[in-house]
Amino acid sequence: MTERFTGTFTQQEPIPEEAIAAAVEVMRGGRLHRYNTLPGETAEAALLEQEFAALTGARYCLAVASGGYALGCALRAVGVQPGEPVLTNAFTLAPVPGAIAGAGAVPVYVGVTEDLVIDLDDLAAKADRARILMLSHMRGHLCDMDRLMAICDAAGITVIEDCAHTMGAAWNGVPSGRHGALGCYSMQTYKHVNSGEGGLLVTDDEEIAARAVMLSGSYMLYDRHLAAPGPEVFERVKYTTPNVSGRMDNLRAAILRPQLRALDTQVDRWNDRYAVVEEGLRGTPGLHLPRRPQSERYVGSSIQFLLPGWTGEAVQEVLSRCAARGVELKWFGGAEPSGFTSRYDSWRYAPSEPMPQTDRILRGLLDMRLPLTFSLEDCALIARIIRAEVGAVFQARG
Ligand SMILES: *Cc1c(COP(=O)(O)O)cnc(C)c1O
């Protein structure tokens, strides 16, 4: 009998009861806007920022409307100029070049390696072309952050980290988002904590922090933040920083706070699932698993593998055969953008130079979500299906 998987790759766990209770409390109070506080009251949004700053060890933290908003806010807070080139990963998702374009700047793409991290040799070669790098830890793969920071520090490049897939991850014990000048996170449903939409931004730089708070739409109510610099810093920036409204609200902050407390446990659960799929795929002929270095503490909320040198037709056949057995794979090499997935050359508003090395890798790159609603048995079954179908196509095509 042919095994079939019947789970849903887009099904997240329910919001924890404690978080639901906190949300109901906020709704009963009617004060959903973060600056709508009674005397002596602290808004849920301000508490969320304080707790996330403590969790990451950052001096300052700001909660905003989305991960993409956090990226755009970070660019403006470091003073990006219209038309300015900004280095970024060729392998990422559309909100990253979108944030750069949204700030009026121009993405300059850096290639990807077979281990699915930014190509540091390519970065070094392009380091003289920009003063900002928006580094996307795409699908949770952390590059050698020590070498990356050495390259960027030597070239005077400010690093903004896109940690949409690395909340809870670390490199050599340093939390993701804490190597660069700023770290940006997403709380959108498919990330590591879930408020539907939402973003967080952390930094140790007081001026960047004050500008980000003003940008997010604080008006002159910035003294109601618990993880922001003092009023003297705002005095320096308040007349020159526009309000680009994109605040977090108390309802979402309330459901996020209990989830942050559970983050470490969730990371372990994700990694248990990742390990089962990885083990099940290991040694499949024609299939390459990216290496995960010792220094990397990752969050296995999704898994990627390469079919190196495979034709588009053969990859497509694997996709169809897996789909027929209930296993939904995404292909980063597809010619047309589809669902959440697109390729750097899909973004025609931000033209790219030819990147043959990166194209070769993306052509064989498959990706799969691992929601926590999957059991370890589910994960083992999924791996058996992929292994069988990759094997069948590999054999048939010699
Ligand atoms: C989701 C995501 C973002 C943007 O986050 P939103 O909260 O959806 O705006 C940015 N970068 C990457 C790599 C993402 O996956």
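The values are calculated or read from the model by the stated rules, or taken from the named source; none is laboratory data. Just so you know, these numbers come straight off a predicted model, no measurement behind them. Positions of Cβ are generated from backbone atoms using ideal geometry, with glycine treated the same way; all protein chains shown enter the neighbour counts. For the accessible areas, the whole protein counts, side chains as well, though only heavy atoms, and no ligand, DNA or RNA atoms are used. Shrake-Rupley method; radii C 1.70, N 1.55, O 1.52, S 1.80 Å.
Name the pairs whose Cβ atoms lie under 6 Å apart, with the first residue in the stretch 76-98 and under 12 Å from Val108 (Cα atoms), the second assigned to a strand (DSSP E or B) and among the polar types (S, T, N, Q), and 6 or more positions between them or separate chains? Close Cβ pairs (under 6 Å, with a partner that is assigned to a strand (DSSP E or B) and among the polar types (S, T, N, Q)) amount to Asn89/Ser136; Val96/Thr88; Val96/Ser136. In the stretch 86-113, the residue that is nearest to the ligand (Cβ to nearest atom) out of those that are under 28 Å from Phe305 (Cα atoms) and in a strand (DSSP E or B) is Asn89. Against the conditions (1) more than 15 Å from the ligand (Cβ to nearest atom); (2) over 19 Å from Gln266 (Cβ atoms), Gly180 satisfies every one except (1). Restricting attention to the stretch 292-305, does a residue exist that is part of a helix (DSSP H, G or I) and of a type in the set (Asp, Glu)? For the stretch 292-305, residues part of a helix (DSSP H, G or I) and of a type in the set (Asp, Glu): absent. Kindly evaluate Gly83 against the criterion of being open to solvent by 20 Å² or more (accessible area, probe 1.4 Å), in contact with a strand residue (DSSP E or B) (Cβ under 7 Å, 6 or more places away or on another chain) and in a loop (DSSP other than H, G, I, E, B). Yes, satisfied.
Hey, any hits in the stretch 198-213 for a residue that's within 16 Å of the ligand (Cβ to nearest atom), hydrophobic (A, V, I, L, M, F, W, C) and open to solvent by 10 Å² or more (accessible area, probe 1.4 Å)? No, every residue in the stretch 198-213 fails to be within 16 Å of the ligand (Cβ to nearest atom), hydrophobic (A, V, I, L, M, F, W, C) and open to solvent by 10 Å² or more (accessible area, probe 1.4 Å). No other residue among Leu123, Leu116 is within 16 Å of the ligand (Cβ to nearest atom) and not assigned by TED's automatic domain parsing to the domain that holds Tyr298 apart from Leu116.
Residues in the stretch 44-74 that are more than 12 Å from the ligand (Cβ to nearest atom) and part of a loop (DSSP other than H, G, I, E, B): Gly57, Ala58, Arg59. Close contacts from the stretch 320-339, counting a first residue that is farther than 16 Å from Trp310 by Cα and in contact (Cβ under 8 Å) with a residue 60 or more places away in the chain and a second that is in a loop (DSSP other than H, G, I, E, B) and open to solvent by 60 Å² or more (accessible area, probe 1.4 Å), with Cβ to Cβ under 6 Å and a gap of 6+ residues or different chains, come to Arg325/Arg4; Gly326/Arg4; Gly326/Thr6. All told, Ala164 meets the bar of being within 16 Å of the ligand (Cβ to nearest atom), hydrophobic (A, V, I, L, M, F, W, C) and closer than 19 Å to Asn271 by Cβ. Listed by first and then second residue, the pairs linking a residue in the stretch 178-207 that is under 21 Å from Ser301 (Cα atoms) and modelled with pLDDT under 95 to a residue that is open to solvent by 10 Å² or more (accessible area, probe 1.4 Å) and part of a strand (DSSP E or B), with Cβ atoms under 6 Å apart and 6 or more places separating them unless they lie on different chains, form an empty list.
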